[in-house]
Amino acid sequence: MIPFSIKVFIYKLFQLALKWSTKLLTFRTPELFSGAGSSLQLCEHIATRTDVKSLLIVTDAMLVKIGLLNPMLDKLKSLGISTVIYDGVLPNPTIEQIETGLTMLKSAGCTAILAIGGGSSIDAAKVIAARARNPHKIVHMAGLMRVFFKPMPLYAVPTTAGTGSEVTIAAVVSDPSTTRKFAIMDPKLVPIGAALDGALMAGLPPHITSATGMDALTHAVEAYISRNHTPMTDAEALEATRLIMQNLPAAVATGSNIEARQNMAVASFKAGVAFTTAGVGYVHAIAHNFGAYYHLPHGLANAIILPYVLDFSKPDCAERLAKLAEVSGLKQGGESDAVLADRFIAHIRKLNAEFGIPTQVDKLKASDIPAITDKALAEAHWTYAVPRYMDKTECEAFVAQMLPKAA
């Protein structure tokens, strides 16, 4: 059996090669419209594309029910663009949901896709767009650079400030038949255009606002402490962290605070830019499996796991955690990096408590932990440049901390 220290050396070597290979790639960003009403500006932009006559709208049923889409639908109609709505996307979108959307797109003869919603809707739309132009099955797209042909034109309007999917190269898909949640990662998946319209988020309830906001924070933090960080990702991650710490409590407390909503939308976008290049880490690897096994919403899972992972990672990234504490306004004087790192982690726990985010996963079963850790470690060690590595025994003990307390 290979000693774990040798495995860690191999993982680090692989991640170093991955870091250098990404320098050869161009991670484009979508043409961006930002501010109240920017979603309508995006509709006008879409209308300038001579090849777009019919749009598949990928969204969820609740947004249709509350009428959030109506202004955009009316605008598109006035611009001569017909629309077909697919509202069958649920949290943690499945292969079946994506294939259903693809069938609707083909039967309606749509020539482009507009995703309106949270990360699940945008991720589903990305994969529908890829499947529309690629013959291979969704499971064969899993991993890096496996979308062979350019997807159908895709646009995105996020209605939550969390995933940053409107700017990332990733889409996450669930496969209930194998209790698996996997990521498809390819620069071709980045939407052509996106609108950050904070006014659309004014009606989000506090529990969704807080969970998605902590999701964005997780992206920024994991990108910043990644071994594959760059000066560009550092700048984006630090600014995202600053904006989130300054605006998330206000957005949770007063949903109608459009300034806070808009700042959170920008922060989520910046965090997405950061982790597209730098990657994420153990928080996401474990959260993906909590989602696959227990259908735990991704943002909530990230929020629960984040402080535990930072406690574990701190010995190898205290200086970086200290910088995150500084931009969060937690530095008071000449504190050491260790003190500031602890203060940053404590502040995250404080925010979670204020937002009503639990410290345990109620559905987590001890019998599932070995399989969850196997899948999480396989994902993390070959995908993410984490600051500190854990072996299977450490990971099992780590996940066990989140078991529900005995009654």
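The alpha-carbon of LYS65 sits under 13 angstrom from the alpha-carbons of these aspartates and glutamates, leaving out residues fewer than 8 places away in its chain: ASP87. Local charge for ALA195 was computed over the other residues whose Cβ lies under 14 Å away, with Lys and Arg +1 and Asp and Glu -1, and equals -2. One entry in (i) 33, 24, 20; (ii) 40, 25, 19; (iii) 43, 21, 19 is semi-axes √(5λ) of the Cα gyration tensor in Å calculated from the shown coordinates; its label is (i).
Rounded to the nearest 0.05, what FRET efficiency do LYS405 and THR254 give with R0 = 41 Å and r taken as the Cβ-Cβ distance? Could you check? Efficiency computed from Cβ-Cβ geometry: 0.80.
Distance between the modelled labels on TRP382 and ASP337, one decimal in nanometres: 3.2 nm (7 Å Cα→Cβ projection). Shape analysis of segment 38-126 places it in the oblate category; the axes a ≥ b ≥ c from the Cα gyration tensor give an a/c of at least 1.5, with a/b not above b/c.
Lys-Lys pairs in segment 260-364 that are eight or more residues apart or on separate chains and whose Cα atoms lie under 21 Å of each other come to 7.
Relative to the current alpha-carbon distance between PHE9 and ARG146, full extension at 0.36 nm per residue lengthens the span by 46.7 nm. Once you sort the root eigenvalues of the Cα gyration tensor of segment 150-231 as a ≥ b ≥ c, which label holds: rounded (a/c under 1.5), prolate (a/b larger than b/c) or oblate (the other case)? Judged from the Cα gyration tensor, segment 150-231 comes out rounded (a/c under 1.5).
Between LEU18 and SER78, take the C-beta separation as r, use R0 = 45 Å, and let me know the FRET efficiency to the nearest 0.05. FRET efficiency, LEU18 to SER78: 0.45. Around the Cα centre of the chain, unit charges on the Cβ atoms of Lys, Arg, Asp and Glu (plus for the first two, minus for the last two) sum to a dipole of about 740 debye.
Compute the relative contact order of the chain as a whole-number percentage, counting only Cα pairs closer than 8 Å that sit 6 or more residues apart in sequence. Relative contact order of the chain: 15 percent. Report the net charge of residues surrounding THR168, where surrounding means a beta-carbon distance below 14 angstrom and charges are Lys +1, Arg +1, Asp -1, Glu -1. With Lys, Arg at +1 and Asp, Glu at -1, the neighbours total -2.
Here the contact order of segment 96-236, divided by its residue count and restricted to Cα pairs under 8 Å and six or more residues apart, works out to 23 percent.
Positive contributions from Lys and Arg (+1) and negative ones from Asp and Glu (-1), summed over other residues with Cβ under 15 Å from the Cβ of GLY356, come out at 0.
Length gained on full extension, MET62 to LYS137: 24.1 nm, using 0.36 nm per residue less the C-alpha separation.
Could you give the accessible area per residue of segment 1-73, probe 1.4 Å, as a whole number in Å²? On a per-residue basis, 60 Å².
Could you pull out the pairs from LYS19/LYS126; LYS150/LYS181; LYS53/LYS188; LYS137/LYS181; LYS365/LYS405; LYS181/LYS375 whose alpha carbons sit more than 19 Å apart here? Long pairs (Cα-Cα over 19 Å): LYS19/LYS126; LYS150/LYS181; LYS53/LYS188.
Each Lys and Arg Cβ is given +1 and each Asp and Glu Cβ -1; about its Cα centre, segment 204-338 then shows a dipole of about 180 debye.
What you get for segment 1-75, charging only the Cβ of Lys and Arg (+1) and of Asp and Glu (-1), is a dipole of about 500 debye around the Cα centre. Under 16 Å from a label point set 7 Å out along the Cα-to-Cβ vector of SER367, the amide N atoms of segment 375-407 belong to 404. Of the peptides 189-200, 117-128, 316-327, the ranking by mean beta-carbon count within 10 Å, highest at the top, reads 117-128, 189-200, 316-327. Computing FRET efficiency as 1/(1 + (r/R0)^6) for LYS350 and THR48, where r is the C-beta to C-beta distance and R0 is 60 Å, gives about 0.80.
The values are calculated or read from the model by the stated rules, or taken from the named source; none is laboratory data. Source: prediction; values computed, not measured. Virtual Cβ from ideal backbone geometry, glycine too; neighbours counted across all protein chains shown. Surface accessibility is based on the protein's heavy atoms, side chains included, excluding ligands, DNA and RNA. Shrake-Rupley method; radii C 1.70, N 1.55, O 1.52, S 1.80 Å.
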